[in-house]
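The values are calculated or read from the model by the stated rules, or taken from the named source; none is laboratory data. Owing to the predicted nature of the structure, the values given are computational and were not obtained by experimental measurement. In this analysis, Cβ positions are derived from the backbone assuming ideal geometry, glycine residues included, and neighbour counts consider all displayed protein chains.
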Amino acid sequence: MPNDAANTALSGDGYMTGQLLIAMPTMGDPRFERTVIYMCAHSADGAMGLVVNKRASEIDFPELLKQLEIEVEAESIKNPIPILVGGPVETGRGFVLHSLDYRQDSTLQVTDDVGLTATVDILRSIAEGEGPARSLLTLGYAGWSAGQLDKEIQANGWLNVSADPGLLFDDELGEKWDRAVRKVGIDPSFLSVEAGHA
């Protein structure tokens, strides 16, 4: 039954762009333990997503601005955003996932409500209070080659569920995995490495 609930989140073409992936205990890859990933792209060619529930411990928003030589006084930053570990690929590259009230030429529209921008300009806009209403910044991303994610899902490594702005953008990072699992209709306490899909 939970599998059916998860599959209702699939788009008509069977791809999960704009959905959330939830790592199951059977995943076996410690880099993805208890992660929630927002899928920015998923097609026959592969998939790309951003982990949205793991805070980067080594840097914060004011420090990042300083490293990028964006001249803004730390105390005048209007809207500091969380910096997250987005995945194991290209960990030195930043990606801003945001509401679509902000848009640049380089913004990728993922869904009707969510965009992805990977330029320094969006960070400057956010620091000056002119950025999107809701956003998060990840360093790195998770990527899958053609068919790889589909095989991991079939092996019970992931569940998927529709994304909502509250779950996607709020700061309750420690609770996101449990909340995402509950959204599928599963009590997180029932999940164990042995259980896999219920």
Next item on the list: Confirm whether residue 170 is closer than 14 Å to residue 20 by Cβ, without any contact (Cβ under 8 Å) to a residue 24 or more places away in the chain, in the same structural domain as residue 22 (by TED's automatic domain parsing) and surrounded by 14 or more Cβ atoms within 10 Å (Cβ to Cβ).
Entry: yes
Filtering segment 115-147 down to residues that are of a type in the set (Ser, Thr, Tyr), touching a residue at least 24 places away in the same chain (Cβ under 8 Å) and surrounded by fewer than 18 Cβ atoms within 10 Å (Cβ to Cβ) yields 145
Pairing a residue in segment 79-108 that is acidic (Asp, Glu) with any residue that is in a loop (DSSP other than H, G, I, E, B), where Cβ atoms lie under 6 Å and the two sit 6 or more apart in sequence or on different chains, gives 101/132; 101/133
Reported set for segment 84-104 where residues are in a strand (DSSP E or B) and within 12 Å of residue 51 (Cβ to Cβ) is 84, 85, 89, 91, 95, 97
Per the filter on segment 31-57, residues small (Gly, Ala, Ser) and part of a loop (DSSP other than H, G, I, E, B) are 44, 56, 57
Within segment 41-56, restricting to residues that are within 17 Å of residue 83 (Cβ to Cβ) and among the hydrophobic types (A, V, I, L, M, F, W, C), the one that is surrounded by the fewest Cβ atoms within 10 Å (Cβ to Cβ) is 56
Of the candidates 187, 150, 112, the one satisfying the condition of being surrounded by 13 or more Cβ atoms within 10 Å (Cβ to Cβ) and free of Cβ contacts under 8 Å to residues at least 24 places away in the same chain is 150
